[in-house]
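Notes to accompany the following structure.
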Amino acid sequence: MQFVHEAPVSFRSSALRPGPLGLVAQAVREVWSRRRLIQYLVRADVKKKGSDTLLGNLWWVIDPLLQMVVYVVLFSIIFRRSQPDFPLFLFAAILPWKWFGSSIGDAVTSVVSQERLIKQIQFPKIVLPVASVAAGVVNFAFGQIVLLGLLLLMPGHLSIHVLWIPVIAAVQFLFTLALALLTSAVNVFYRDVGNLTRHVLLLWFYLSPALWSFERFADGQNNDVTRLGVAILRLNPFAILLDAYRTAIYGRVVTGADGSDTFTPGQVPDLLALGILALISLALVAGATLLFKRLEPAFAKVL
Amino acid sequence: MPTAVAAPALTPDDSDAARFARTTFPIDVRELGVQYSLRFTRKTTFRTSFARLLRPGGQRAFWALRNVSFRVRHGEALGVIGPNGAGKSTLLQAVAGIIQPSEGVVEVTGHISAMLHLQAGFDQDLSGRDNIMLAGALMGIDHRVMEEREGSIIDFADIGMHIDQPLKTFSMGMRARLGFAIATAVDPDILLLDEVVSTGDEVFRAKSKVRVHQIVSAAKAVVLVTHDMNWITEFCTRAILLERGGIVAEGDPATIVTMHVERSEQRRREKEAETARIMAMAPPKPSEA
């Protein structure tokens, strides 16, 4: 039986490096030929996260659920701001955000935490952040169970448009991958990135329409400052993503001129915005891959 | 960058094994230089980096290896010896493709298997069995091959029932044995060993000696870094003495070992003299004053 060797058998290494296109093509080949390695790394990650806790991988379901409960309590009881079926309204946005946040959090340290491995064996380092992001997908997929439960508990929202979720998730995956590649590589050289990331993520979360929505932004104060603020906030990729999820899952609540709420269930998300974001994310992935490949040769020396 | 001379086995003549057999020198290192930047070392932060920017001057880089050239033939076992910090481990990392040369060329033909750290072990939280599969995937070996060899690896490492426990519960000896078993079980054309053969108990050392002998006699190439001079004289067909990032001498293992021992002895004497000189300068104890 002839076995295919997944790593290049022979090599010639020198100080010369291939050009930008060559590097990106190399990265794509590496990820493809080492897909089984990525699969093992994801499986290892999943196993580890589940093995230390009593409830194991059930935490993937409990965690976003508890977070949702916290916000529901905070907003509907303390701030007295609510929406119809508030838990679903929040969960539709918190679930994808948690996927993003935990993927980036894991990816930032994905290279530095494998210091021993990197010094011990020659393998394409790009599989490490890719595996972190891929492990996040598993996490997100489990969350869909809870989402389905909430949709069944709160009738009137579920529509055929939930089928847009995988499409929106694909765009989010690209965007997450770009940031994961970038932060994991830079963190090798500047460990500050890891510390900074947590705070940036927190601020980003509050600036994204997860706990609020553009429809009710600033309670209808319609002045220039508010409009400018909204325009800036709309530039946030997660404004597009979370808005799209919520439109597809929860639907829309529009406050009419007379102050009454009209509610429509799940709808088609803003496909133009999603398409543009997909293209930008793709370009970002290419740029981040290039940067990663440029920095990769130095990893073993710096770590 | 390992500009991957990807070798798809299209015709029998172009198979990996044939390519390995054709080359005269599976390892060919020419004028290798490895430079470490001092600007980025372990755990740099923005602050330290800015501080260095503001304070120009001072050493920015150092050469861990410079002008190193050597070749390894089929069936040769090359021993690399030298004092601590001579660049032995860096040399092995460069041959393994882990570190990229700053200058010069490293050309390697054949499957490499490297065991460069004392307690190999890839993931502390995974079981020994999972680690075997993970190691195989990292080395790029087909999972079917690994599944087939799993049994013999566990047998050779003598881990027994523990194999399904997480690696963090393994003793140092067990980890070293497992690492050696994996590195040598994958049928490497080229085997790189760094200070691993001196670990483990008597029985395992004997077993691993036999295993290395088998690889060498099967016309494969071995590069061995160790402080155990017995291994060098017993095993290696040739040796190089590395000092301060350069090759000082190359030749017959016994000669090189003698040379290394003499030079170490001389360095030790020089250090003693230096220590004595410093001690003499120290002020006398107050009680004696």
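The values are calculated or read from the model by the stated rules, or taken from the named source; none is laboratory data. The model shown is predicted, which means the values in this text are computed figures rather than measured ones. Virtual Cβ from ideal backbone geometry, glycine too; neighbours counted across all protein chains shown.
List of remarks:
- Just one of the listed residues (A:A27, A:A44) is in a helix (DSSP H, G or I) and either modelled with pLDDT of 90 or more or within 26 Å of A:F238 (Cα to Cα) (or both), namely A:A27.
- Considered as a group, the residues in region A:191-208 that are touching a helix residue (DSSP H, G or I) at 6+ places or on another chain (Cβ under 6 Å) and modelled with pLDDT under 90 include one that is surrounded by the most Cβ atoms within 10 Å (Cβ to Cβ), and that residue is A:V193.
- Selection of region A:70-115 for residues being more than 30 Å from B:A183 (Cα to Cα), more than 17 Å from the chain's Cα centre (by Cα) and touching a residue at least 24 places away in the same chain (Cβ under 8 Å) yields A:Y71, A:F75, A:Q83, A:P84, A:D85, A:P87, A:L88, A:F89.
- Residue that is farthest from A:P166 (Cα to Cα), among those in region A:263-303 that are in a helix (DSSP H, G or I) and of a type in the set (V, I, T): A:V302
- One residue from B:G104, B:G85 being within 11 Å of chain A (Cβ to nearest Cβ) and surrounded by fewer than 22 Cβ atoms within 10 Å (Cβ to Cβ): B:G104
- Qualifying residues in region A:130-162 (those that are under 16 Å from A:L242 (Cα atoms) and free of Cβ contacts under 8 Å to residues at least 60 places away in the same chain) - the one surrounded by the fewest Cβ atoms within 10 Å (Cβ to Cβ): A:Q144
- Selection from region A:156-175 of residues that are over 20 Å from the mean Cα position of the chain (by Cα) and either not in a helix (DSSP H, G or I) or not aliphatic (A, V, I, L, M) (or both): A:G156, A:H157, A:L158, A:S159, A:H161
- Restricting the search to helices (runs of 4 or more DSSP H) fully inside region B:129-226 and requiring at least 1 residues that are closer than 27 Å to B:G82 by Cβ and in contact (Cβ under 8 Å) with a residue 60 or more places away in the chain gives B:172-185, B:202-217.
- Verdict on A:L241 being farther than 25 Å from A:V69 by Cα, hydrophobic (A, V, I, L, M, F, W, C) and either modelled with pLDDT of 90 or more or within 13 Å of the chain's Cα centre (by Cα) (or both): no
- Every residue from region A:116-155 that is within 15 Å of the chain's Cα centre (by Cα) and of a type in the set (S, T, N, Q): A:S132, A:N139, A:Q144
- Residue match in region B:147-170 (condition: of a type in the set (G, A, S), within 13 Å of chain A (Cβ to nearest Cβ) and surrounded by 18 or more Cβ atoms within 10 Å (Cβ to Cβ)): no
- Taken together, the residues in region A:82-111 that are under 11 Å from A:T183 (Cα atoms) and surrounded by fewer than 21 Cβ atoms within 10 Å (Cβ to Cβ) amount to 2.
- Of all residues in region A:48-67, none are of a type outside the set (A, V, I, L, M), in a loop (DSSP other than H, G, I, E, B), closer than 27 Å to A:L211 by Cβ and away from chain B (no Cβ under 14 Å).
- Taking region B:134-146 as the range and being closer than 15 Å to B:A181 by Cα and surrounded by fewer than 20 Cβ atoms within 10 Å (Cβ to Cβ) as the test, only B:V145 passes.
- Members of region A:79-128 found to be among the β-branched types (V, I, T) and closer than 30 Å to B:L193 by Cα, listed by number: A:T109, A:V111, A:V112, A:I118, A:I121, A:I126, A:V127
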